[in-house]
Structure formats: structure tokens, C-alpha cells
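Step one of this worksheet: look at the structure below.
Bear in mind that the values in this text are calculations on the coordinates, not laboratory data. Since the model is a prediction, treat every value here as computed from it, not as a measurement. Note: ideal-geometry Cβ built from the backbone for every residue, glycine included; neighbour counts use all protein chains shown.
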Amino acid sequence: MSSLILRFRSKDGMHRINTTQTSTFQSIAQDLLPKLSTDKIDDIIISQDPNSTQTAPLSSILTKTISDLNLKNGDLLYLTYTTNEPTHAKQLDSVPIKATTTISNHGPLTNIKQLPVDDELDKLDGMIQRPTSPMCRHGSKGMCEYCSPLSPWDENYRKENAIKHLSYHAYLNQQMAKFNKKELSSSYIAPLENPNFAIDLKCNEGHKSYPKGICSKCQPSPITLQLQKFRMVDHLEYSSHSILNDFINVWRTSGYQRFGYLYGRYEKFDKVPMGIKAIVEAIIEPPQNDEIDGLTLLKWDDESLVDSIAAKLGIYKVGIVFTDLTDSGMKNGTVLCKRHKDSYFLTNLEILMSGKFQIANPNKTKYSNSGEFSSKFITCVISGGIQGEIEPRSYQVSSNAESLIKADLITGSTQPSQIYVNESNDKRYVPDISFSKINEYGLEIKTNAKPTFPGEFLLVSLTDSFPIEPNPMFNSQPYVIENREFLGDLNQDFQNLSTLYNYLKKQGSQIFDFHFLVYVLKLRILNDDEANLLFEYIKTKDESTYAQLVGSGGWMSLMTILEQSS
């Protein structure tokens, strides 16, 4: 595929953009917008002659390819626009690569059920309020460039407050501001679309299907990977220390690594403009074979049951967690620090695993024509810190990573930090892939990603913490944790009628534990009404509900069975 250069003349000078005949103007906008003194794409007018009346808004041709517009190598185009007021630095995120942006007369989708946190944040403008400063020269009711509210994507604010990434809703608002003016109701451009890097095997342009035929319509455009500037979730919070300690104890007692699913919910995160945090209320450990240097997941027959029980309590899977711990040998409780900037944060296989989990758990949104955009699913690894401490670190992979995995363009390599680019075959077409980074001189350079490229270009990092004042949903002494019989004899109890009977005798009414709840309902002794009483009691902790529960026929049958089996 031959490349060409298009020239653009504007009030900010002459700009040259490298592209191809099959590239859309959306990819041109990605490279062009950062060079202009405006971030309002709807205000940019493009023409082939500065004196011509035949002009068009740049936003109206985003889905057109260079070939569609009959442009040739060296063509000169003219841009006119109004320069931004210099109140604060402009923000320009990359336009999604190879996204299918659709212009319609319809607004956001109304039949998509978003998460409650998304509906809540949709109602906010996210503007960052600022107090008056010594630079202000107006009265108490006035406003100027030094005290006017900032947009939630303001770059200077992020730098001053050490915020590494835009939040998902700040990014969404920024994209809406670029592509959809509020005063224009005649057209609507969906601001979010997942990249698509796969070849169309059902192309209907009149040629034989790939690999016997190919055209500019069915083949993916060249891909340039960059560090993603936004993140779908900003923070991961464990509702109590004991949740993580109970999980890590498997390694402490056996030396084996462990895997679990994080169950919780998403809420607003006020430390980031329009931020989202995941709150973990429980870790469920599926069947697995654990080893000192890894693990193998087994078939989990109870997954749908656990998901349905969690849904009754208003929680759901928000991610996965696994350990990668090695004792330092210093006999002081420290562990080796294996994951750092000079090695890797997630291995290539872990990146692929994370991407597959994200693909399986898409983020529902009404601002994408497909009803989905990326994922809020989190990958947390428990490993060694710089000082030898055990610490959680949380990540997601980028939307580009998800699309690379969907198109089967990448796989693991022998170097844990490197991602291998697959070769083309009769079902997979691999376009040119490069990655863009800033070198030691502050210049942006592009490097060919084949045969391998650093996995860090696909990662997005989150922050982690525990609450200062814990208020967990499950706050009683935990019941026996499931599926640990595969670990062998660790002098521990297992889930059975005997341990359940002892737990109920000891705990009385203090049965606020997710592992206990799952095991009781697996026994299928309680009917639906009695199970709902148990759900209600765990949610409200109301003693009158507990009295109804223990007085029910199903609960009395359960206690009779437990007494007879003890």
C-alpha cells in the first residue's frame, strides 16, 4: 500500500501529513488537530482553493477515504477556523484509529442499559470550579480566565494534580464537544466507537473473498499504537483489608499462586474529574490447579449461580486478581520485586488474558452505535514492591489492545515484556503496525512494531487503596473459602455440612459473608421466598428480617439436616 503526503495550509502554518489512499479523514484529523490552535472540529472549514465557495466542515468528511475524495500525493488543502481563546491549554486526544463513525439524525441510543454510575455521571457537566485568585480584577459576581471553570479534560489541571489519564466520562465529554455541538440537532455523530482491525471476509465489492481478493474497503488501515490517554476506571478499592489478606494467605501457607474473581460495584471517584472507582466486596476463587510459578483454571460449574446471587445484592464481577509472589529468602517477610519499569508490569500472556476478559465483559454505553465501548473490567496482580512489600497493582488494556486481540493480530513471545505480531494467513490480514513514542530529545518517533513491540503500549494503569473508614457489605467472620481442596493438605477446613454447622453455631445472626451465602444456596434447601429473606437480611442487617428467616420452614430444615450430619 503506497503512502502519500497531503499538505494543509492554515493560520498556524503549513502542515504535512503522511497517509494512504485507503485512510479515512478521521486518521488525518488524529495527526492534524494537535498542530492547530483550535480543538473545535466543527468550526474547521476545509477547501481546495482559498478563494473558492466550495467548502465543507472537516467533521462532514471524517468517514471519507483519501480515495473517495480523489486526492493525490502533494495536494494542498486550506483550513479556516477561529483560534481558541487562550484561557487555558487546549486538549486534543487521538481520534480512535479505524473507528467506524456514523453520522445520523438520531441522538444517543435509548435502548441501552448502562451501569448506574454511568447514568449518574451523564447528568453532570464535570466542569472544575476554581476560586478567585489574586489575578482576578472583577467583583464577587464576575468571572475571568483565571477563575472560570475548567473542562474535565483540562491538561494543565491534570499535570498540576498528577492525574495520569483522563477519566472515561471526561473523555466522552471531550469527544462530544468535538463532534456534536449542543445547538445543532440536525445531525449526530456517535462519539465512541471501538477500533476495528480485522479484514472483512464478506466484502461485497465484486472481488473474490480474501485471500484470493482484497480491496481498500475490506482491508484494515495501517495501525499506529500510542499510550491510551484515558482509562475506563480510575481506581480500585478493596472495601476491607481482610478481603485481600484472606486471598493472599494461600500463598503464605502453601507457596502456591492463586486466582480469583473480584465482585463489587462501580461508584463515582471524586479525586479525578468525572472519575469512576471499583469497590471490591468479595473475591470468589474458582476451581484451579495452583503451582509455585503459575496456575491453571478449571471448569467452573457454579459461575452463573454465583453471578445471579451477586446480582441479588447489587454487585457483579468487576475484575480478576492473581498472585505472583516469590519469597526473597531473607527470612523477614519480604518478597522479590519482579515487576517494574525495567522488566514488565504485566507479561504478554497476562495482557492477552486481560484483553480477553475485557472483551467478554464489554462496557455498555448509549454513545456508541454498537452499544458498547471498551470495558471496565480490571486486572489486579499481587506482587512484590520496590521495598519487598506485598502490594496490589491494577491495570486495564487499551481499546486498541482489545481490537488487536479480536482480529488475532498479536500473541505472546519468549520475552515477557514483548508482544509478537502475527503473520498474515488465509483468514487474517495483518496491516502495517507501528508504535509512537517520545524519545529522549522530546521528539515523537514511530517505530515498526514487527516482529515484536513493548507490551506497555497496550497498558493503562489504575490506582489502588483501602478505605480510611471501612464499611464493607460483608463484615462478619468469613466462612470457609471455596475450591481450596485442590491445594492439598494445608490443615484447613473445607466447605461441607460440618463446617457450615460449626459456622452457624459460632456466628449466630452474624452471617454477613458472601462465601457462606453461596454455599447455603448451593444446597438448594431454601425456596425462593426464603432465599430472598436471606438476601434482604444481608443487605439491610435488619433483625426482624433475620427472625422471619430463622422461623421459616426451609431454614429449620437446613438446621435439622446440619444437626443430623454433625
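Some values worked out for this structure:
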quantity: Cut-off 11 Å between beta-carbons: net charge of the residues surrounding residue 116, Lys and Arg +1, Asp and Glu -1; calculated: -2
quantity: For the range 306-404, with +1 on Lys and Arg beta carbons and -1 on Asp and Glu, the positive-most of 381, 320, 368 along the dipole; calculated: 368
quantity: Rounded to whole Hz, the Karplus (6.51, -1.76, 1.60) HN-Hα couplings of the range 342-347, x for glycine and proline; calculated: 9, 10, 6, 9, 10, 5
quantity: Between the range 170-243 and the range 519-559, the Cα center-to-center distance that results, in Å; calculated: 46
quantity: Cβ-based exposure ranking for 22, 463, 540, in which fewest neighbours within 10 Å come first; calculated: 540, 463, 22
quantity: Per-residue HN-Hα couplings for the range 325-341 [Karplus 6.51, -1.76, 1.60; θ = phi - 60°; Hz; x = Gly/Pro]; calculated: 10, 9, 4, 6, x, 8, 6, 10, x, 8, 10, 6, 9, 9, 10, 7, 5
quantity: Shape of the range 310-449, Cα gyration tensor, a/c cut at 1.5; calculated: oblate
quantity: Residues with amide H under 5 Å from that of residue 378, placed H, sequence gap 5 or more; calculated: 319, 320
quantity: Whether the range 241-349 is rounded, prolate or oblate, judged on the alpha carbon gyration tensor where a/c under 1.5 counts as rounded; calculated: oblate
quantity: Cα-based reach from residue 123 at 20 Å (exclusive), listing lysines while leaving out same-chain residues under 8 positions away; calculated: 113, 178, 181, 182, 268, 271, 277, 364, 366, 376
quantity: √(5λ) per eigenvalue of the Cα gyration tensor, the range 485-565, largest first, Å; calculated: 23, 14, 12
quantity: Angle in degrees between helix 553-565 and the longest Cα principal axis of the chain, rounded to the nearest 10; calculated: 60
quantity: Relative exposure of 345, 466, judged by other C-beta atoms within 10 Å (fewest first); calculated: 466, 345
quantity: Distance from the range 304-327 to the range 458-483 (C-alpha centre basis), Å; calculated: 10
quantity: Amide proton proximity set for residue 434, modelled H, under 5 Å, gap of 5+; calculated: 223, 224, 225, 449
quantity: Relative contact order (%) - the range 1-84, alpha-carbon pairs under 8 angstrom, separation at least six; calculated: 40
quantity: Relative contact order of the chain, defined on C-alpha pairs under 8 angstrom at six or more residues apart (%); calculated: 12
quantity: Only Lys, Arg (+1) and Asp, Glu (-1) charged, at Cβ; the chain dipole about Cα centre in debye; calculated: 1820
quantity: Structure-derived percent of Cα pairs over 34 Å apart - corresponding label in (1) 36; (2) 61; (3) 50; calculated: (3)
quantity: Long-range HN-HN contacts of residue 328 with modeled amide H, under 5 Å; calculated: 334, 335, 336
quantity: Solitary cysteines of the chain, where the nearest other Cys Cβ is not under 4.7 Å; calculated: 136, 144, 147, 215, 337, 380
quantity: Residue exposure sequence - 153, 555 - by fewest surrounding Cβ within 10 Å; calculated: 555, 153
quantity: Karplus-derived 3J(HN,Hα), 6.51/-1.76/1.60, for each residue of the range 151-168, Hz, glycine and proline x; calculated: 5, x, 9, 4, 6, 4, 4, 4, 5, 5, 10, 6, 9, 6, 10, 5, 6, 4
quantity: Proximal charge balance of residue 4 [Cβ under 11 Å; K/R count +1, D/E count -1]; calculated: +2
quantity: Dipole-positive endmost among 516, 359, 308 within the chain (Cβ charges, Cα centre); calculated: 359
quantity: Contact order normalised by residue count of the range 485-565, Cα under 8 Å, 6+ apart, percent; calculated: 34
